[in-house]
1. Has the range 216-229 got any residue that is crowded, with 17+ Cβ neighbours inside 10 Å, within 21 Å of residue 96 (Cα to Cα) and either hydroxyl-bearing (Ser, Thr, Tyr) or touching a strand residue (DSSP E or B) at 6+ places or on another chain (Cβ under 8 Å) (or both)?
2. Going by the structure shown, is residue 97 crowded, with 21+ Cβ neighbours inside 10 Å, in contact with a Gly (Cβ under 9 Å, 6 or more places away or on another chain) and outside any helix (DSSP H, G or I)?
3. Just to be sure I understand, how many residues within the range 76-90 are open to solvent by less than 30 Å² (accessible area, probe 1.4 Å), outside any loop (DSSP other than H, G, I, E, B) and over 15 Å from residue 112 (Cβ atoms)?
4. Run down 238, 267 and say which single residue is aliphatic (A, V, I, L, M), open to solvent by less than 60 Å² (accessible area, probe 1.4 Å) and touching a Pro at 6+ places or on another chain (Cβ under 9 Å).
5. Are any of the residues in the range 312-320 assigned to a loop (DSSP other than H, G, I, E, B) and in contact (Cβ under 8 Å) with a residue 40 or more places away in the chain?
6. Of all strands (runs of 3 or more DSSP E) completely enclosed by the range 126-188, which ones contain at least 1 residues that are under 17 Å from residue 275 (Cβ atoms)?
7. Of (1) within 21 Å of residue 328 (Cα to Cα); (2) touching a Pro at 6+ places or on another chain (Cβ under 8 Å); (3) open to solvent by less than 50 Å² (accessible area, probe 1.4 Å), residue 304 satisfies all except one. Which?
8. Is there a residue in the range 182-195 that is among the charged types (D, E, K, R) and touching a Pro at 6+ places or on another chain (Cβ under 8 Å)?
Amino acid sequence: MTRTAVLICPGRGTYNKPELGYLHRHHADKASLFAGFDAARAAQGQEEVTALDGATRFSVAKYSRGDIASPLIYASALADAQSLADDIEVVAVTGNSMGWYIALAAAGALSPQHGFDLVNTMGSLMQQHLIGGQLVYPFTGDDWRPDPARKAALLALVDQINARAGHVLALSIDLGGMLVLAGDEPGLAAFEEAVPQIDGRFPMRLANHAGFHTALQAPVAAEGRKRLNGAMPRQPAVPLVDGRGAIWQPGSTDLRALWEYTLGHQVVESYDFTRAVQVAAQEFAPDLFIVTGPGTTLGGAVAQSLVHQDWRGMTDKAAFKARQSEAPLLISMGDAAQRDLATRAPS
């Protein structure tokens, strides 16, 4: 019996110390795929992806860099997407932030090598420019119930800070029950001073993250358009859901518009991951939501996005966990306990 699935690709911040060796552990059979990635890196004078993954020591300062993290995450996620069990039918693909680039390749809108070139180029440019920064702050409680008033109040505060002279602050990513904000140092610092600390963790600055999905990245987007070949995209094999919730359908996608979105709006405007997940759920009604590796941090945002639209009667964290315990709806391939659910057909 076929299982239908929405495939979800992760973004930055998902390849951490526990993920070191991910390619070697899970994808020793994909040497030919990684050889192309390694060759592209070597041609640019960059350390090869397989060497980075095979290192014996993990350093946050190194592995959080855009020119290091991005290709590692791409290789891990795309290899996972190619490892799904034969009984799984992917009915749509989406991703979070940089995960949009991976989604393009996973859906067939870019070849694996062209997808790598896109990710490696943009990751390197982000690191070279490193304009602005990001932080994360929750707007829901531990029960995951939506709190529209709290969210609106926080976004109003963001607008107030952004209106101050010498301050830049904007919503970068709508991420389930979290707001990812981006801005310059005065803008980020002003928000940190204005909100209460939560659990001793939030607001949380993200190391080596630029002001993604804001106008601060206009120079990066412009340079990306210069360096990358706009002829790379092709018709996707399965539908793609972007960071606005728009759907790009096989056979009818305007490839020029897709490329303009990818290196235009997607770089300099807010990315609504919550909406992307919710549209995918509503339009494709899958049996499963499969989050590729590396890492497992995106699963919570997917679950929260579903709870916030009462997907299949799940109105809070407890309801989601109860549903998940009966028959897993959400599978994180980066979780060793769940990986087989996506890579092996039920017996």
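The values are calculated or read from the model by the stated rules, or taken from the named source; none is laboratory data. What you see is a predicted model; the values in this text were computed from it and never measured. Note: ideal-geometry Cβ built from the backbone for every residue, glycine included; neighbour counts use all protein chains shown. The accessibility values were calculated without ligands, DNA or RNA, using every heavy atom of the protein model including side chains. Shrake-Rupley method; radii C 1.70, N 1.55, O 1.52, S 1.80 Å.
1. Among the residues of the range 216-229, at least one is crowded, with 17+ Cβ neighbours inside 10 Å, within 21 Å of residue 96 (Cα to Cα) and either hydroxyl-bearing (Ser, Thr, Tyr) or touching a strand residue (DSSP E or B) at 6+ places or on another chain (Cβ under 8 Å) (or both), which makes the answer yes.
2. So residue 97 fits the description; yes.
3. Number satisfying all stated conditions: 1.
4. Exactly one residue qualifies, and that residue is 238.
5. Yes, there is a match, as at least one residue in the range 312-320 is assigned to a loop (DSSP other than H, G, I, E, B) and in contact (Cβ under 8 Å) with a residue 40 or more places away in the chain.
6. Of the strands (runs of 3 or more DSSP E) lying wholly inside the range 126-188, those with at least 1 residues that are under 17 Å from residue 275 (Cβ atoms) span 169-175, 178-183.
7. Every condition holds for residue 304 apart from (2).
8. Yes.
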